[in-house]
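A.B. asks: Have a look at this one before I ask anything.
Every read-out reported here was derived from the displayed coordinates using simple, explicitly stated rules and does not represent laboratory data. What you see is a predicted model; the values in this text were computed from it and never measured. Glycine gets a Cβ as well: all are built from the backbone with ideal geometry, and neighbour counts include every protein chain shown.
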Amino acid sequence: MPNLYRNKNLLAKAQRKAKNYDKRLVLKASTKKNKKLDAFIGKTRVASFGDTRYKDFNITGNKDRRKAYRARHRNVMLKATKFSPARLSWNILW
């Protein structure tokens, strides 16, 4: 599946969410296989996150899918650090 975050409107939406999460965070469409976004602080890549084979809340807008995702990943969030792929997905994609 193609990386939908190469679309400027969708990338801009994710970047707005990223700025609300942490002002230093910059997002770019990922260059890694099957990843949606790369997160950077300065020139340092912090994480690659999101899987291009699945849709997220930014793409679908489906609140039921968002609720199901968050229920499935609630326990992971207890251990996730601020810039872990899990935390970034939770706050930016879902």
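A.B. asks: At a 10 Å Cβ-Cβ cut-off, how would you order 51, 64, 38, 56, fewest neighbours first?
C.D. replies: By the 10 Å Cβ count, ascending: 64, 51, 38, 56.
A.B. asks: Gaussian network model of the chain, Cα springs within a sub-10 Å range: biggest mean-square fluctuation belongs to which of 78, 25, 37?
C.D. replies: Its mean-square fluctuation being the largest, the pick is 78.
A.B. asks: Which residue fluctuates the most in the chain, going by a Gaussian network model with Cα springs under 10 Å, if the choices are 72, 45, 24?
C.D. replies: 72
A.B. asks: Right, another one. I'd like the chymotrypsin sites (Phe, Trp or Tyr not before Pro) in region 1-77 restricted to DSSP loop residues with at most 14 other Cβ atoms within 10 Å, sorted by number.
C.D. replies: 54
A.B. asks: Leaving out same-chain residues fewer than 8 places away, which aspartates and glutamates sit with a Cα under 16 Å from that of residue 28?
C.D. replies: By straight Cα distance, residue 28 reaches 38, 51.
A.B. asks: Pull up the cross-link candidates among the lysines for residue 67, meaning alpha carbon to alpha carbon under 17 Å and not fewer than 8 places away within one chain.
C.D. replies: 55
A.B. asks: Given charges of +1 on the Cβ of Lys and Arg and -1 on the Cβ of Asp and Glu, with all other atoms neutral, how large is the dipole of region 4-93 about its Cα centre, in debye to the nearest 20?
C.D. replies: So the dipole magnitude of region 4-93 works out to roughly 60 debye.
A.B. asks: Okay, next question. Given R₀ = 41 Å, FRET efficiency for residue 33-residue 63 by Cβ-Cβ distance, to 0.05?
C.D. replies: The computed FRET efficiency comes out at 0.85.
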